[in-house]
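Encoded as structure tokens, the structure appears first; notes follow it.
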Amino acid sequence: MLKSLLRFTRPLAPLALLAAALSWTLPARADGLSDLESFLRQARQGRASFTQVVSAPRRDGEAAPRSKTSSGSFEFLRPSRFRFHYLKPFEQLIVADGQTLWLYDADLNQATARRQQEVLGNTPAALIATASDLKGLSALFTLANAPDADGQQWVLATPKSRDGQLQSVRLGFRQGQLATLEMLDSFGQRSVMQFGPLDTQSGFKPGHFAFQPPAGADVLRQ
């Protein structure tokens with residue numbers, strides 16, 4: 001019986017050795033948190049187009065509410081600068097220059113300025129544009145892997161502070177690249193932002209993230 005056992009096991013030994021070798025060389029399966037950590041550490045700057053769909057919660061007995069779609073471009077330079085430039089259906093600009101967060105409405109020719117440090121804490125912008133590692137984010141959000149869906153690896157981020165209007169954020173990564181940002185506020189309104197390919201190689205000219213209100217604009221400082 002021993003000879004029979006050896007006859008059947010010896011031919012399998014090379015396969016076992018190969019499997020052991022591959023277990024050391026093959027990368028571990030990606031998950032949302034590892035994708036997020038790589039994104040924070042490696043993507044020090046970037047730009048991408050985006051499309052955003054905002055929908056209100058559906059009430060009992062009511063027809064499905066209409067959604068609103070907008071599009072534009074997103075740019076960032078860690079650790080403290082970013083631009084969201086909404087182009088359609090109307091132009092709006094959100095700029096963080098490192099000190100001040102500017103919101104500009106082109107139709108109204110009105111700009112609102114707030115101290116960046118006071119307003120960016122547990123916001124989606126902190127998740128994708130200003131944080132540098134998971135340790136910093138973990139002070140503001142409870143982070144957890146969410147089930148894979150739509151060909152993406154997901155992270156669920158829940159603000160630790162309950163003072164704001166943000167209920168939760170989900171970030172989706174496709175092949176290690178940020179693909180989706182989904183936000184749910186305390187009123188049940190959902191906003192889903194889909195990103196195009198992220199360009200992390202092109203640099204920004206000095207002053208790119210500065211904002212100067214246009215002549216004649218109303219400027220509100222809060």
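Just one of the numbered conditions (1) more than 22 Å from residue 111 (Cα to Cα); (2) in a strand (DSSP E or B) is not true of residue 75: (1).
The number of residues in the stretch 95-122 that are of a type outside the set (S, T, N, Q) and without any contact (Cβ under 8 Å) to a residue 24 or more places away in the chain comes to 8.
For residue 57, state whether it is in contact with a helix residue (DSSP H, G or I) (Cβ under 8 Å, 6 or more places away or on another chain) and either in a loop (DSSP other than H, G, I, E, B) or modelled with pLDDT of 95 or more (or both). So residue 57 does not fit the description; no.
Listed here are the residues, each with its yes/no results for (1) buried (at least 17 other Cβ atoms within 10 Å of the Cβ); (2) small (Gly, Ala, Ser); (3) at pLDDT 95 or above.
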site: 105; (1), (2), (3): no, no, yes
site: 124; (1), (2), (3): yes, no, no
site: 128; (1), (2), (3): yes, no, no
site: 133; (1), (2), (3): no, no, no
site: 138; (1), (2), (3): no, yes, no
site: 144; (1), (2), (3): no, yes, yes
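Looking across 179, 146, 157, 129, one residue alone is within 25 Å of residue 99 (Cβ to Cβ) and aliphatic (A, V, I, L, M). It is 129.
The values are calculated or read from the model by the stated rules, or taken from the named source; none is laboratory data. These numbers come from a predicted model, not from an experiment. When we count neighbours, we look across all protein chains shown, and the Cβ atoms used for this are built from the backbone with ideal geometry, even at glycine.
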